[in-house]
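Structure record follows, encoded as structure tokens.
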Amino acid sequence: MREEGRGGRRRTPRDELAEATAHGDVYLRRLVRAQLALSISALVAFIGLLGALPLLLILVPHLASVSIVHIPLPLLLVAVPLFPLFVAIGWTYQRRADALDEAFRELVGRP
Amino acid sequence: MIAIFAVAAVTVGTLGLGTWTVRLARTTSDLFVASRAVSPWWNAAAISGEYLSAASFLGIAGLVMKLGAVALWLPVGFTAGYLTLLLFVAAPLRRYGSYTISDFAEARLGSPRMRLLAAGIVLGITGFYLVPQLKGAGITLQQVTGAPYWLGVVVVGGIVSLNVALGGMRGITYVQAFQFWLKTFAIALPACLLLIYLGGLPSQNTLFGDGVPRAPADGLSVHLDHSERVVFPAASSYTAGGNPHLARAGQRVTLPPGEVHLSANAAVPLAQDANTDPGSLWSRPVESGGSNGPLFVYSLLIATVLGTMGLPHILVRFYTSPDGSTARRTTVRVLGLLWLFYLFPVVYSLLGRALAPGLYVTGQTDSVVLRVPELAWPGEPGQLLGALVAAGAFAAFLSTASGLLVSISGTLSYDLWGRVRRARGAEDRRRRFRASAAVGMVLPVVVALGAAGLDIGVLVGWAFAIAASTFCPMFLLGIWWRGLTAPGAAAGMTVGALVATGAIFTGLAVDPGPGALASLLTQPAVVSVPLAFATMIAVSLATRARRPDADVQQLALHAPEGLGLAQLERATVPAAEREGPEHPVRT
């Protein structure tokens, strides 16, 4: 995965370090903040959905009288739909996080 | 008889696969982190294979049968734990490029003592987790084949030890990936075939209506090895010790050892702490109060999510991905694979409540997955399916135990042995890993042999609580907060571990009965984790002067690969991996 210095010029580690601590550091802080914001927003979405389900089941007791293929709806709601939801949140997050990394790579790798 | 062959086939297959992978494990990096070259699908199957222990394969179905649908939040919490790992830990942990969890602790916080503390906690958690796996293997082999208890323990211990010593992390990855698919097949196929054979769920009144478990049309005979305290959920009659008895609804009875007989349709007595509610309440995932109330559900979710985030044998697997982005993609696939697996345990608990009421009498609901196929489909088809689930259960013991032993061996050989006396080169380091794989299994096997008659289910809960209260805050703050210091992390982990341990033992000692206090004592994460976080932050702020160089650390944790910063990233790569010629060229 690792590339040599761009334009075929091989840079010494010292160059890389200098670049990283001079302006690279500002970009890195920005990247970390963006990644953290992305993770937290995904976390809020997921906690909101997961945390709301027990409350929904308590506050709407009427759900227990609904059955799908003879199985009560509350049981189904816990056993099945949360998992695909997790996958969907995870997949969306992964694509966005990789995109943030890619943007950072472009920024720092600028000639 | 068929079951013996099925279990033997899994065992031989595992051993064969393990031996075959020996030639793959040539370098130190192979043994510790599979040379960081495991592709997302392989790694996802291996992670899931390692994670789906007996607790998932047998335990969830048994708990749902015993406690009711409230136990369905367990697999939800387990899977949600991986989602939080994905969001906050997967990519930075991989990018940091350590060898073991303790390695991370020392390098990130710049303190050799942190390595010792972390190593001690890793050994504690993995040990508590390993003993119940071995015990489960002994009991399963005993139930399925009639072999003595110690045989299962020794066989699983020996095979796992041999496989880890030979193949290390690299070999175990393939074994575990194979075992994931075996387990999923072994739990899915019987569930589907039984539902087709039965034409849907039987006795729906018992499951979802106002019915309680009742003896089948030809009566029910149960053999009790020792006296059993039971509750009758409805008025019933039974024969025990040769004498007929009547029981009122709600009556508590101590059944004597020997044969207990219930005539057709008599309400079945339930062993202590089973849910005695009729089906309509039993199948409700949360109630507005009481022991299945929202407080219990939320504390269970928090405990399982945070515990999963701190399990060392899970965290160490992220090191085997080629880079941070692959670690993320791996974890998304894990979510999908866990989804696939967790669709099925609930089928067994529903069938078990309807068709295996005898398990309620003996309290052995944990074996419902093993028993249901033969009860639901008498004759050879049922026996074949029963053999298949037995094989799957054995695969579960083997794969989880392997993953735990990889963590133990890495910690023993690299973090502890390496400190006592530095390894003399790569050859010595590999020899030490292999020796540790043999030695590290001895104590857990001895403890498991001694724990034959003890209820050690509490050990896994303890491991989860300690993981949640120590490594979970250490990793979250270590990765995302520049200000964490070694004294802060050490203080927080100590406080978390002590509070969690104290709560669990208080719960065991005083038996608080059902209610809010009980959920707090058995799942102390709700209290101990915030305390650990608060201590870490407070002590870190007080020892601000000892902050490690945050810029270098942040770069190592968060800078994406491919920047040409190879030398800089390698500043944190452990010495063992910079061995020169023996290490394959990293591309």
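The values are calculated or read from the model by the stated rules, or taken from the named source; none is laboratory data. Just so it is clear, the model here is predicted, and its values are computed rather than measured. Cβ placement follows ideal geometry from the backbone for every residue including glycine, while neighbour counts extend to all protein chains displayed.
Restricting attention to segment A:1-49, and to residues there that are modelled with pLDDT of 50 or more and among the acidic types (Asp, Glu), which single residue is surrounded by the most Cβ atoms within 10 Å (Cβ to Cβ)? It comes out as A:16.
Checking segment B:50-57 against the condition returns a match, with at least one residue being part of a helix (DSSP H, G or I), among the aromatic types (Phe, Trp, Tyr) and modelled with pLDDT under 90. When the residues of segment B:95-128 are narrowed to those that are more than 22 Å from the chain's Cα centre (by Cα) and of a type in the set (S, T, N, Q), which ends up surrounded by the fewest Cβ atoms within 10 Å (Cβ to Cβ)? The qualifying residue surrounded by the fewest Cβ atoms within 10 Å (Cβ to Cβ) is B:111. The residue list B:442, B:495, B:499 contains one member that is in a helix (DSSP H, G or I), free of Cβ contacts under 8 Å to residues at least 60 places away in the same chain and within 27 Å of residue B:29 (Cβ to Cβ), which is B:442. For segment B:368-379, a residue qualifies if it is in contact (Cβ under 8 Å) with a residue 60 or more places away in the chain and either surrounded by 24 or more Cβ atoms within 10 Å (Cβ to Cβ) or part of a helix (DSSP H, G or I) (or both), and the qualifying residues are B:368, B:369, B:370, B:372, B:373, B:376.
If you go through segment B:392-417 and pick out every residue that is surrounded by fewer than 24 Cβ atoms within 10 Å (Cβ to Cβ) and of a type outside the set (D, E, K, R), you end up with 3. Mind checking whether some residue in segment B:281-304 is away from chain A (no Cβ under 14 Å) and β-branched (Val, Ile, Thr)? Taking every residue of segment B:281-304 in turn, none turns out to be away from chain A (no Cβ under 14 Å) and β-branched (Val, Ile, Thr).
Kindly indicate the residue of segment A:81-111 that is closer than 30 Å to residue B:287 by Cβ and within 7 Å of chain B (Cβ to nearest Cβ) and also surrounded by the most Cβ atoms within 10 Å (Cβ to Cβ) among those meeting that condition. Of everything passing the filter in segment A:81-111, A:86 is surrounded by the most Cβ atoms within 10 Å (Cβ to Cβ).
Could you please let me know if residue B:189 is hydrophobic (A, V, I, L, M, F, W, C) and either in contact with a His (Cβ under 9 Å, 6 or more places away or on another chain) or surrounded by fewer than 19 Cβ atoms within 10 Å (Cβ to Cβ) (or both)? When the stated conditions are applied, residue B:189 passes them.
Yes/no matrix, rows are residues, columns are (1) more than 14 Å from chain A (Cβ to nearest Cβ); (2) β-branched (Val, Ile, Thr); (3) closer than 30 Å to residue B:264 by Cα:
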site	(1), (2), (3)
B:319	yes, no, no
B:323	no, no, no
B:332	no, yes, no
B:361	yes, yes, yes
B:385	yes, no, yes
B:394	yes, no, no
B:401	yes, no, no
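Would you confirm whether or not segment B:319-335 contains a residue that is closer than 26 Å to residue B:369 by Cβ and among the aromatic types (Phe, Trp, Tyr)? Checked segment B:319-335: no residue is closer than 26 Å to residue B:369 by Cβ and among the aromatic types (Phe, Trp, Tyr). Among the residues that make up segment B:461-470, is at least one of them polar (S, T, N, Q), assigned to a helix (DSSP H, G or I) and surrounded by fewer than 21 Cβ atoms within 10 Å (Cβ to Cβ)? No, because not a single residue in segment B:461-470 is polar (S, T, N, Q), assigned to a helix (DSSP H, G or I) and surrounded by fewer than 21 Cβ atoms within 10 Å (Cβ to Cβ). Taking the stated definitions as given, is residue B:212 in contact with an Asp or Glu (Cβ under 9 Å, 6 or more places away or on another chain), over 30 Å from residue A:69 (Cβ atoms) and surrounded by 14 or more Cβ atoms within 10 Å (Cβ to Cβ)? Criteria not met by residue B:212. The set of residues in segment B:240-288 being over 30 Å from the mean Cα position of the chain (by Cα), of a type in the set (S, T, N, Q) and assigned to a loop (DSSP other than H, G, I, E, B) consists of B:251, B:263, B:265.
Residue under question is residue B:87, and the condition is that it be without any contact (Cβ under 8 Å) to a residue 24 or more places away in the chain, under 25 Å from residue B:118 (Cβ atoms) and within 12 Å of another protein chain (Cβ to nearest Cβ); does it hold? For residue B:87, the condition - without any contact (Cβ under 8 Å) to a residue 24 or more places away in the chain, under 25 Å from residue B:118 (Cβ atoms) and within 12 Å of another protein chain (Cβ to nearest Cβ) - is met.
Please tell me if residue B:79 is surrounded by 24 or more Cβ atoms within 10 Å (Cβ to Cβ), among the polar types (S, T, N, Q) and within 14 Å of chain A (Cβ to nearest Cβ).
Judged against the criteria, residue B:79 is a match.
Taking every residue in segment B:215-235 that is within 13 Å of residue B:268 (Cα to Cα) and pairing it with any residue that is assigned to a loop (DSSP other than H, G, I, E, B) and hydroxyl-bearing (Ser, Thr, Tyr), at least 6 positions away or on another chain, the pairs with Cβ-Cβ distances below 8 Å are B:215/B:263; B:219/B:263; B:231/B:276; B:233/B:276. Where helices (runs of 4 or more DSSP H) fall wholly inside segment B:505-587, the ranges with 1 or more residues that are closer than 29 Å to residue A:98 by Cα and at pLDDT 75 or above are B:525-542, B:550-558.
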